[in-house]
1. Give the range 210-237 a look and list any residue that's in a loop (DSSP other than H, G, I, E, B) and crowded, with 20+ Cβ neighbours inside 10 Å, or say none.
2. What are the residue pairs meeting all of these: first residue in the range 17-29, first residue at positive phi, second residue surrounded by 14 or more Cβ atoms within 10 Å (Cβ to Cβ), Cβ atoms under 6 Å, and 6 or more apart or on different chains?
3. Could you tell me whether residue 65 is in a helix (DSSP H, G or I) and closer than 20 Å to residue 33 by Cβ?
4. So which residues in the range 68-92 are surrounded by fewer than 16 Cβ atoms within 10 Å (Cβ to Cβ) and not in a loop (DSSP other than H, G, I, E, B), if there are any at all?
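Throughout, read-outs are computed from the coordinates displayed, never taken from laboratory work. Given the structure is predicted, the values throughout are model-derived calculations rather than measurements. We place every Cβ from the backbone using ideal geometry, glycine too, and count neighbours over all the protein chains shown.
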């Protein structure tokens, strides 16, 4: 109307790119901050799929003591060489400690040789080095029991990363079906098929099943390697993931049944008509035997 201005209510949240700028974080730093729960996100109020950051959350972080350096330091990552320097140990010892699961990786990437490069939170590495109970592990011989595990080839880095990654996925799951998808993301599809036998329920779980972290083009060797790291391998790990998935799907059924075509279409399925017997157009139908006998007698009757 003339003389009137229609105003839209201000948005309660902003896109991740803007939130990263306002928090003074690079894209990778922001993504890791969200992954670790340092920055809390909310669903898009407009109904979109991407999550957003509430303005109140940005104000909370900006008001924290030591901002922005404190926030950036909390998401700083280090590789094996830098981690060893923070611990003041050799890179070989740092690697052994990580393989034993004493330091948990927070990220990984594949270098140009398709070798896995693990990254660790600098804060956690410093805390481990500062713990008096860890002094024996930082110098001298590693205890015999731990050495035996290393000799047997133990490497808990992939499993520990999966546990951390699952925590991230579950924090962003808003209902039981999404939690089921998060659990399924760490299982081989065969395990999912055994636990969720109903095809419509399985399709619904797969809808919320996140893919592995992007590593190369889909179907490439790098992508296959990333998928292998994401998929649970240890029998006990697989066992508790299967149990949690079965329990979560049961909860999801009570929360909201999975959609089915008949319910979506609002009409029962139409039964197809039984197939007709094929008609042979080259042959005339056979006459009854009685009719043929009568015609024969009529032909031979004398006038």
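1. Keep residues of the range 210-237 that are in a loop (DSSP other than H, G, I, E, B), which gives 210-220, 231-234.
215, 232 - these are the residues of the range 210-237 that are in a loop (DSSP other than H, G, I, E, B) and crowded, with 20+ Cβ neighbours inside 10 Å.
2. Every condition considered, the pairs that remain are 24/68.
3. Numbers: in a helix (DSSP H, G or I): no; closer than 20 Å to residue 33 by Cβ: yes.
Considered against the rule, which asks whether it is in a helix (DSSP H, G or I) and closer than 20 Å to residue 33 by Cβ, residue 65 comes out as no.
4. Hits for the range 68-92 are 69, 70, 73, 81, 85, 91, 92.
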